[in-house]
1. So, Val4, is that one of a type outside the set (D, E, K, R), buried (at least 19 other Cβ atoms within 10 Å of the Cβ) and within 16 Å of the ligand (Cβ to nearest atom) or not?
2. Is it the case that the range 235-242 has a residue that's open to solvent by 60 Å² or more (accessible area, probe 1.4 Å) and within 14 Å of the ligand (Cβ to nearest atom)?
3. Quick check on my filter: what residues within the range 266-281 are of a type in the set (D, E, K, R) and exposed (fewer than 15 other Cβ atoms within 10 Å of the Cβ)?
4. Within the range 155-174, identify whether any single residue is closer than 20 Å to Ala73 by Cβ and assigned by TED's automatic domain parsing to the domain that holds Val23, and answer yes or no.
5. Please verify whether the range 85-100 includes one or more residues that are open to solvent by less than 20 Å² (accessible area, probe 1.4 Å), among the charged types (D, E, K, R) and touching a residue at least 40 places away in the same chain (Cβ under 8 Å).
6. Can you tell me which residue in the range 195-222 is farthest from the ligand (Cβ to nearest atom), limited to those that are farther than 18 Å from Asp20 by Cβ and not in a helix (DSSP H, G or I)?
7. Is it the case, given these coordinates, that Ala116 is within 19 Å of Val160 (Cβ to Cβ) and either more than 19 Å from the chain's Cα centre (by Cα) or in a helix (DSSP H, G or I) (or both)?
8. Looking at (1) modelled with pLDDT under 95; (2) under 22 Å from Ala220 (Cβ atoms), which one does Phe19 not meet, given that it meets all the others?
Amino acid sequence: MEGVIDALTRDLLTRHAGFDWTVTEFVRVVDTRLPPRVFYKHCPELTQPPVATPSGIPVHLQLLGSDPAALAANARQALSLGAVSIDLNFGCPAKLVNRHDGGASLLRQPERVYQAVKAVHDALEGEIPVTAKIRLGFANRRLAVACAQATEAGGAAQLVVHARTRDEGYRPPAHWEWIGKIRRQVSIPVVANGDIWTLEDYWKARTLSGCSDVMLGRSALADPWLAPRIRHWLQTGERLPESSWAMRANVLKEYAALQRQQLPDRVVVSLVKQWLAQMRQGSGEAEQNFQRVKRLTELDQLLDSLIVDEQHAAPA
Ligand SMILES: Cc1cc2nc3c(=O)[nH]c(=O)nc-3n(C[C@H](O)[C@H](O)[C@H](O)COP(=O)(O)O)c2cc1C
């Protein structure tokens, strides 16, 4: 997720079994072949084959663009640097990106989705897979199935569907039943995405979409134990307890410790606050902590505040 999930976040989120794979922030492709440093910046895992998090969970590299030739050239570049899978982003709703003909803007023309996927598929010559991520459409869902079929026809090996149109942004609800409509019209694996915040959401999304796999976005940050909780429940039928504030705070502290090895403290302060802000979803204690520390500018002071609260929040 652009601006919020980097390699260290991926590392922390995959330390407890739950995720099968992860995706980088998108690499923006315009009309040139980007230099290796851009790929290494988005995907530092490329420097340590087999391009996985330290726990061994594969990292797929995501490209966002609309020019088939440029996407193909950058997919080749990524392949030459060791990428294990290329994902194409047709879901980004950002105005700036869409104005420059990227992300969800292509969903208005399934033929262009097809051309983009096919160009990358052909460029990769079967060495590694190309996958795609779409929303249900741009302004409406009229072309949802056509876009999904375009990804399959272009050679996508898998499709993630974020169950909202571009114009719906991130507003609930996610229309999981629409993922089912799409799934029935393609033969590649379809992964359901959007608004899966709890075990109950997971089950409902699975049931309505008919998908056996889901992708977690914001909820992976809000509750780093959601994926492990889902995995545990699937394997044992047992519900693990909800994640406490202390568990969340510990993740933030580990994250800060890792980030401060490579970034100035003032930047780490912003990053920790950003993640804490995501944790407010579903956690009143995260909200209280966010309100209390949001004006702090000194990293140790910020982390100490979280430690104090951790002691208060920890079970007796
Ligand atoms: C801040 C932010 C950045 C995102 N960046 C990306 C991205 O780089 N690539 C991508 O495929 N999706 C990106 N997404 C979309 C998420 O992957 C996901 O599809 C969306 O948030 C819906 O799932 P969720 O309800 O589980 O968050 C981003 C979402 C947010 C909120």
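1. Details: of a type outside the set (D, E, K, R): yes; buried (at least 19 other Cβ atoms within 10 Å of the Cβ): no; within 16 Å of the ligand (Cβ to nearest atom): yes.
Judged against the criteria, Val4 is not a match.
2. Within the range 235-242, not a single residue is open to solvent by 60 Å² or more (accessible area, probe 1.4 Å) and within 14 Å of the ligand (Cβ to nearest atom).
3. Here is the first cut: in the range 266-281, the ones of a type in the set (D, E, K, R) are 266, 273, 280.
Arg266, the sole residue that qualifies.
4. Taking the range 155-174 first, the residues closer than 20 Å to Ala73 by Cβ are 155-156.
Among the residues that remain, those that are also assigned by TED's automatic domain parsing to the domain that holds Val23 are: 155-156.
The answer is yes, given that some residue of the range 155-174 is closer than 20 Å to Ala73 by Cβ and assigned by TED's automatic domain parsing to the domain that holds Val23.
5. yes
6. Gly210
7. On the way: within 19 Å of Val160 (Cβ to Cβ): yes; either more than 19 Å from the chain's Cα centre (by Cα) or in a helix (DSSP H, G or I) (or both): yes.
Yes, satisfied.
8. Phe19 satisfies every listed condition except (1).
The values are calculated or read from the model by the stated rules, or taken from the named source; none is laboratory data. Bear in mind the structure is a predicted one, so any value in this text is a computation, not a measurement. Glycine also receives a Cβ, built like all others from the backbone with ideal geometry; neighbour counts cover every protein chain displayed. In case anyone asks, the SASA skips ligands and DNA or RNA and just uses the protein heavy atoms, side chains included. Shrake-Rupley method; radii C 1.70, N 1.55, O 1.52, S 1.80 Å.
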